[in-house]
Amino acid sequence: MGDRIVGSGYEIEKTPDAVAEEYEKIPQLSAEGGTVKHEKLLEAQPDFVYSSFASFLTKEEAGDRKELHDLGVPTYLTEFDCSYHEAVADADFDMLFEEYRRLGRIMGRPDAGEKLATEQKAVVDKAVGEVEKRDEPVKAMWFYSTFEGTPWAAGPGGLPQHISELVGAENIFADAKSKWAEVSWDEVAARNPDVIILADLTRGEPNDTAEEKIELLKKDPLTSKLAAVKGDRFITIPGTHMDPSYGSASAVPALVDGLNKLG
């Protein structure tokens, strides 16, 4: 749909090679790493606005949904983030694939939405079928980022929790109050994960890359003593694949392959 996209924003990751040439022709309406502001959005004169983050469709950012609707601009907000960071009931790949189908119908290309859903379901199903059986589930921490030294990890109600269940792993923060939870290093140490799944981010914030996260974990007096850290039991996944996106399905084979190699 590249020739029908009048603008994008919040560009923080490298564009996949498969769509880079077409995607680079799309105007970027925000500053590097920033969000689209209301005035810039209206200048682009969109007929339709899609967002995967509830925090973008606010008065402080692109404009709240009612305001845009009153201007005759319909919006679509992913079901995975209807309420900022709150756990989403029954969050799973079926929900994501149905979103592809809906967007395909909205854009007049139901065939494309169905094709993407079918292709990605096959990727997920194949990976799940390759999971090596274990006597006990692996305890995993999904380590997304840090903010002012505090770690953020995946909780319930998001794709990381769903993927954990699919591959027979135990998310150590499945009891958190939100799908992305502010935790503590003391909690991480107490829950003692068998493996740490690292979000590899390229937005430029401190400790965003997987390499920086490993260095942080190995230097910290508390986490450096964890068996997962001492044993280099890390699995790296692009950070954007931990959020609902076309890349999320790829997180499953990456995780399965990593777990199988760790034994």
**Report entry** Sole residue being surrounded by fewer than 15 Cβ atoms within 10 Å (Cβ to Cβ) and touching a Leu at 6+ places or on another chain (Cβ under 8 Å), chosen from L71, L57
**Finding:** L71
Report summary line: Out of (1) of a type outside the set (G, A, S); (2) touching an Asp or Glu at 6+ places or on another chain (Cβ under 9 Å); (3) open to solvent by less than 20 Å² (accessible area, probe 1.4 Å); (4) more than 21 Å from E13 (Cβ to Cβ), the one F80 does not meet is (4)
Report summary line: Flagged in region 175-199 as open to solvent by 10 Å² or more (accessible area, probe 1.4 Å) and under 26 Å from K261 (Cα atoms), in numbering order, are A189, A190, R191, N192, D194
Query raised in the report: How many of the residues in region 200-240 are assigned to a helix (DSSP H, G or I), open to solvent by less than 40 Å² (accessible area, probe 1.4 Å) and either within 16 Å of A254 (Cβ to Cβ) or in contact with a Phe, Trp or Tyr (Cβ under 9 Å, 6 or more places away or on another chain) (or both)?
Result: 6
Query - Top-ranked residue in region 7-22 [being open to solvent by less than 70 Å² (accessible area, probe 1.4 Å) and among the aliphatic types (A, V, I, L, M); ranked as nearest to A112 (Cα to Cα)] - result: V19
Requested in this report: Assess whether P193 counts as being in contact with a helix residue (DSSP H, G or I) (Cβ under 6 Å, 6 or more places away or on another chain), within 16 Å of Y144 (Cα to Cα) and assigned to a loop (DSSP other than H, G, I, E, B).
Outcome: yes
**Report entry** So K25, is it open to solvent by 80 Å² or more (accessible area, probe 1.4 Å) and over 24 Å from L201 (Cα atoms)
**Finding:** no
**Report entry** Matching residues, region 113-150, being more than 16 Å from E187 (Cβ to Cβ), touching a residue at least 24 places away in the same chain (Cβ under 8 Å), hydrophobic (A, V, I, L, M, F, W, C) and outside any loop (DSSP other than H, G, I, E, B)
**Finding:** L116, V123, V124, A127, V128, V138
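The values are calculated or read from the model by the stated rules, or taken from the named source; none is laboratory data. Bear in mind that the values here come from a model prediction, so they are computed numbers and not experimental data. Counting neighbours? That spans all protein chains shown, and the Cβs are built from the backbone with ideal geometry, glycine included. Heads up: the accessible areas ignore ligands, DNA and RNA and are worked out on the full protein's heavy atoms, side chains in. Shrake-Rupley method; radii C 1.70, N 1.55, O 1.52, S 1.80 Å.
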